[in-house]
1. Relative contact order (percent) for the chain, with alpha-carbon contacts under 8 angstrom and 6 or more residues of separation?
2. Under 10 Å, Cα contacts only: if you run a Gaussian network model on the chain, which one of TRP207, TRP241, TRP220 comes out with the highest mean-square fluctuation?
3. Simple spin-label model, 7 Å along Cα-to-Cβ: ALA270 to LYS39 in nm?
4. Work out, step by step, the length gained on full extension between MET115 and SER77: first 0.36 nm times the residue separation, then minus their alpha carbon distance; give nm to one decimal.
5. State the percentage of accessible surface on the range 215-300 attributable to carbon and sulfur atoms; use a 1.4 Å probe and exclude ligands, DNA and RNA.
6. Assuming 0.36 nm per residue, please report the length gained on full extension of the stretch LYS287 to THR236 beyond their Cα-Cα distance.
7. Just check the range 1-146 against the gyration tensor rule for me: Cα atoms, a ≥ b ≥ c as the square roots of the eigenvalues, rounded for a/c under 1.5, and otherwise prolate or oblate depending on whether a/b exceeds b/c.
8. With a probe of 1.4 Å, find how much accessible area the chain has per residue, and write the answer as a whole number in Å².
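The values are calculated or read from the model by the stated rules, or taken from the named source; none is laboratory data. Quick caveat: nothing in here was measured; it's all calculated off a predicted structure. Neighbour counts run over all protein chains shown; Cβ positions are idealised from the backbone, glycine included. Note: areas computed on protein heavy atoms with side chains; ligands, DNA, RNA excluded. Shrake-Rupley method; radii C 1.70, N 1.55, O 1.52, S 1.80 Å.
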Amino acid sequence: MLMKTKKYRYTGKDFDIKTAPTKVKDSADDLKKIKKKIKKNVKSIKNAQKMMYARRHYGVLVVFQAMDAAGKDSMISHIFAGVNPVGFKVANFKQPTGRELRHDYLWRINRELPMRGDIGVFNRSYYEDVLVSRVHPALILQSNIPGIESVHDVNNKFFDSRYEDIRQYESYLTRNGYLIVKFFLHVSKEEQKKRFLARIDTPEKNWKFSAADIRERQYWDDYQKAYEKAINATATKENPWYVIPADDKWYSRLIVSDILTKKINSLPLAYPEVSPEQEMSLLQARKELIAEDKRLGINY
């Protein structure tokens, strides 16, 4: 049975990041039970994706945003472990290249959209352009946008227009058969510190650590404000945000897998129906295969 996830869902301007929990207090399940539930959800997502791929009416876009060390990578590897890679892709959006900066900021996003029938995951996304750029407005100057001559031009009005761009872009995708599921993995500053130390103290995790992580940690409060503003400005009834307590990795995976299972299974998915003509063709093909075996002396 799926858990109640409505409390993690935001559709308007009522998200207060300071009161949003980073850890679930009412979880009584042990780790074994949690893993069992996640496994069941993973199987359900896998089966739903098969039907999606067969008909290609709907596509699913899953967006993950979070502070560093919130568990995005491990979340993706666990939740989508059973999905057929033929109909699944992950895109990771980092600092824009010179070529990308010569286009509008959604250009590189469109290039990575999943096809209808596929599940696509954005490990960071177009929301970086209202998060990182809000904390570091000088980055916007690299794009040579008309009318943006200094950081003073990267103001509230500028970001309000980007929020509007994003709302309209997501509505456009929804009208074209895309289910968009947006997750903010909400980790505490204390838990991030623990995970950074684990990356430093554990040799096999050293590769995960970057000095840039510490530099960005200094802007923690600025990022919290940027997330709160972005979520409130782009959470709609049609395309809500889900704010997931991320201090407990396994429980956060359970919540995300439950939400995805509900959302994907809410689509009118089914395998394509076979027409009478196709049925006749299948029967004819079967006769020919059986006749071939008889010629070779093969009996069933």
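1. Relative contact order, the chain: 34 percent.
2. In the Gaussian network model the winner is TRP207.
3. Taking the simple label geometry, ALA270 and LYS39 are separated by 3.3 nm.
4. Gain on stretching MET115 to SER77: 11.6 nm.
5. 52
6. Going from the current span to full extension adds 12.9 nm.
7. Verdict is oblate for the range 1-146.
8. Details: 17210 Å² over 300 residues.
Normalised by residue count, the accessible surface of the chain is 57 Å².
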